[in-house]
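Written out below as structure tokens is the structure these notes cover.
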Amino acid sequence: MKLSIVIPCYNEAKDIVSNVNKVKEYLSNKKISNEIILVNDGSKDNTKEVIQSIPDVIALSYDNNRGKGGAVKYGIEHTTGDYVLFMDADLSTDLSAIDKVIELAPKYDLIIGSRHAKDSVIKKKQPLLRIFIGWCCRVIVNMLFRLKLKDTQCGFKAIRTDIAKKIIDKQLVNNFAFDVEYLYIAKLNNLSMYELGVIWLDDRTSTVSPIKSSIKFFKDLAFIKKNKNKYRFGNNDQPEDYINKLYPIFFINGLMVVLIILFLIFCFTNPNEADPNNGNHSSLPDNYLNLAFHNKLIDIIEKEVEDAGFTFEEIEVINAVAIQDNYPNNFTLNIACRSENNVYIYELEDYPYINANADDNTAFKYLTKLGEFDANQKDVTMIKYPLEDEVYSENKTNGYISYSGRFSGYYLSDNVYRVYFDQSIVNISNPYEGALYTSITQSHQLYSYYEFLSR
């Protein structure tokens, strides 16, 4: 299967090269047949020239800004793959979701990224105003269009290409409400949809005004609802020009009343995204706990890397975590992780359980719930090495990084993880041979290598 990836770009000259390179590297490592289409949506900076300089992509551009929906439509028009995936240029959605798209593509016409599904993870929340507006949008959209979806506005969606081209033939909206329009067209034509939980990171650098964009969004919703009969495949009626059309005053007034009611409900019910640090983990899925632990480890490493005077680059993968748990007294934590060019080896010996609750009876639970990690309680050893090699098996059962004649990694044998931390390489063709290891028989004690580490 060939995957066409469409990335709309508006004033993205600063970050687009590095972000596209991450996408290209991910697709290459996964051996996914692909084409990457970058659409410059009339940017005011030099995005056009920058995307044209990126090798092995299709760079499209036009002069006047059309809106995100217009850019996505233009990109879809130029796709040649079997499935088209459009995603935000800031990579707010973790690229691991692409694996699920490949897996689900044969079964569904549309795959919808969701920040609010049961297995979704929000790594960095939006400001309260955006949370409230987003919550109102979800309620209104589902009431108005009876979609029964938890998230219509996540910028990660995949559609069978032949169907995507039918949808854009019916597309009337070029702004942020185009997502709703796509989903409404899908519903009216009985297309199969799957809501996919994603790992998501809020982009705090966004310059989109939540108030202005929301007003336009709600106006577009009224227009989409009005044009219901024009969205069925096979119906060739032409849409009315609505740009200068006055919207019914009763709709705007009614919408304001609904927003006030929703605001009161929001305040009293206090809807929250699942938070790995809120102390309530019993009802969360295991993979969320694992990610919460991973994020805690990343926080620890980032601070220590900077405190050690190293140049911090984004930590991408935790490659090995070994824990020696001496509850209720202390635990020892060893971490090996890598950034783009370097390996960081972190060793913390005999960290005391400080103010631990009765149910925090493992280092995993303690670290996951811990708000602040005080590494000053014990001496920390932090060593940086240049990355020499990184290996993962295709079936994701083992992997390692090598550095200065040493390696750290993991290996799954007889359903037991054997974790190697900062070991001497005995045989470069098989670094596991003859090396010492720690057997991990309790998955809750360790970051989940299978689901997250090896991706």
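Regarding Ile425, is this residue hydrophobic (A, V, I, L, M, F, W, C), in the same structural domain as Phe310 (by TED's automatic domain parsing) and modelled with pLDDT of 70 or more? Step through it out loud before you land on a result.
On the way: hydrophobic (A, V, I, L, M, F, W, C): yes; in the same structural domain as Phe310 (by TED's automatic domain parsing): yes; modelled with pLDDT of 70 or more: yes.
Spelling it out, Ile425 is indeed hydrophobic (A, V, I, L, M, F, W, C), in the same structural domain as Phe310 (by TED's automatic domain parsing) and modelled with pLDDT of 70 or more.
Taking Ile199 as the residue in question, decide whether it is modelled with pLDDT of 55 or more, in the same structural domain as Arg115 (by TED's automatic domain parsing), surrounded by 11 or more Cβ atoms within 10 Å (Cβ to Cβ) and among the aliphatic types (A, V, I, L, M). The answer is yes for Ile199.
Residues that are crowded, with 18+ Cβ neighbours inside 10 Å and more than 19 Å from the chain's Cα centre (by Cα) within the range 18-34 comprise just one, Asn34. Is it the case that some residue within the range 47-66 is in contact (Cβ under 8 Å) with a residue 40 or more places away in the chain and within 23 Å of Tyr108 (Cα to Cα)? So far as the range 47-66 goes, no, none of its residues is in contact (Cβ under 8 Å) with a residue 40 or more places away in the chain and within 23 Å of Tyr108 (Cα to Cα). Residue count for the range 301-346, restricted to those that are at positive phi and touching a strand residue (DSSP E or B) at 6+ places or on another chain (Cβ under 9 Å): 0. Restricting attention to the range 13-42, the residues that are part of a loop (DSSP other than H, G, I, E, B) and either closer than 17 Å to Leu95 by Cβ or in contact with an Asp or Glu (Cβ under 7 Å, 6 or more places away or on another chain) (or both) total 7.
Yes/no matrix, rows are residues, columns are (1) surrounded by fewer than 18 Cβ atoms within 10 Å (Cβ to Cβ); (2) over 23 Å from Val198 (Cβ atoms); (3) at pLDDT 95 or above; (4) touching a Phe, Trp or Tyr at 6+ places or on another chain (Cβ under 7 Å):
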residue: Leu38; (1), (2), (3), (4): no, no, yes, no
residue: Asp45; (1), (2), (3), (4): yes, yes, no, no
residue: Ala71; (1), (2), (3), (4): no, no, yes, no
residue: Ala97; (1), (2), (3), (4): no, no, no, yes
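Scanning the range 1-16 for residues that are modelled with pLDDT of 95 or more and surrounded by fewer than 18 Cβ atoms within 10 Å (Cβ to Cβ) turns up just one, Lys2. Checking Asn174, Asn142 one by one, the residue that is part of a loop (DSSP other than H, G, I, E, B) and either in the same structural domain as Ile32 (by TED's automatic domain parsing) or at pLDDT below 95 (or both) is Asn174 and no other. Note on the range 374-422: residues that are polar (S, T, N, Q), assigned to a loop (DSSP other than H, G, I, E, B) and either closer than 29 Å to Asp99 by Cα or at pLDDT below 85 (or both) amount to 4.
The values are calculated or read from the model by the stated rules, or taken from the named source; none is laboratory data. Note that the structure is a prediction, hence the values are computed from the model and not measured. Cβ atoms come from the backbone with ideal geometry, glycine included; neighbour counts cover every protein chain shown.
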